Amino acid sequence: MSASLPAAFADLEPFAHLWIGLETMESRYRARQDMSFDALKQFYDVIAPRLADIMTHLDAFGSDTLPSAEARLYRVALGLVEAAQAVEFFTAARLPGAPYPHDVAVGGQAARSD
């Protein structure tokens with residue numbers, strides 16, 4: 001994934017490096033824990049208003065056949081999922097009251113990851 005974002009989203013490029021290499025939900029979750037809240041809020045404030053445009057653009061491609069630039073854009077959109085939790089629910093990068101670091105446990109309990 002070495003190409004830049006699609007031309008219509010070139011203004012989002014400064015944020016791409018935060019998310020493009022994170023292939024799993026767990027890696028994005030951990031990245032959110034390791035970022036400052038201010039960085040997450042800045043990312044959120046820029047990306048959230050563009051989400052509808054991002055999804056419209058990505059809908060033109062099959063999910064298994066995203067070109068490199070669109071695959072990067074998709075990763076940026078997935079990063080917004082993590083940033084939105086921090087901004088909209090926790091007002092913190094880390095889950096309040098949870099041990100740090102911890103892993104995601106869907107349907108179970110979070111566990112320390114060290």
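If you go through region 9-43 and keep only what is closer than 15 Å to Leu66 by Cβ and among the hydrophobic types (A, V, I, L, M, F, W, C), you end up with Phe9, Ala16, Trp19, Ile20.
Residue count for region 38-50 under the criterion of being within 17 Å of Leu5 (Cβ to Cβ), within 12 Å of the chain's Cα centre (by Cα) and of a type in the set (A, V, I, L, M): the result is 2. One residue is enough: does region 17-39 have a residue meeting the conditions more than 23 Å from Phe89 (Cα to Cα) and among the small types (Gly, Ala, Ser)? Yes: region 17-39 contains one or more residues that are more than 23 Å from Phe89 (Cα to Cα) and among the small types (Gly, Ala, Ser). If you filter region 7-36 down to residues that are within 24 Å of Asp53 (Cβ to Cβ) and touching a His at 6+ places or on another chain (Cβ under 9 Å), you find that the one that is surrounded by the most Cβ atoms within 10 Å (Cβ to Cβ) is Phe9. Residue-level check: of (1) closer than 19 Å to Glu13 by Cβ; (2) within 16 Å of the chain's Cα centre (by Cα), Val81 misses just (1).
Screening Gly79 on (1) among the small types (Gly, Ala, Ser); (2) touching a Lys or Arg at 6+ places or on another chain (Cβ under 7 Å); (3) at pLDDT below 95 shows it passes everything except condition (3).
Residue count for region 53-67 under the criterion of being surrounded by fewer than 14 Cβ atoms within 10 Å (Cβ to Cβ) and either part of a helix (DSSP H, G or I) or touching a residue at least 40 places away in the same chain (Cβ under 8 Å) (or both): the result is 5.
The values are calculated or read from the model by the stated rules, or taken from the named source; none is laboratory data. Quick caveat: nothing in here was measured; it's all calculated off a predicted structure. Virtual Cβ from ideal backbone geometry, glycine too; neighbours counted across all protein chains shown.
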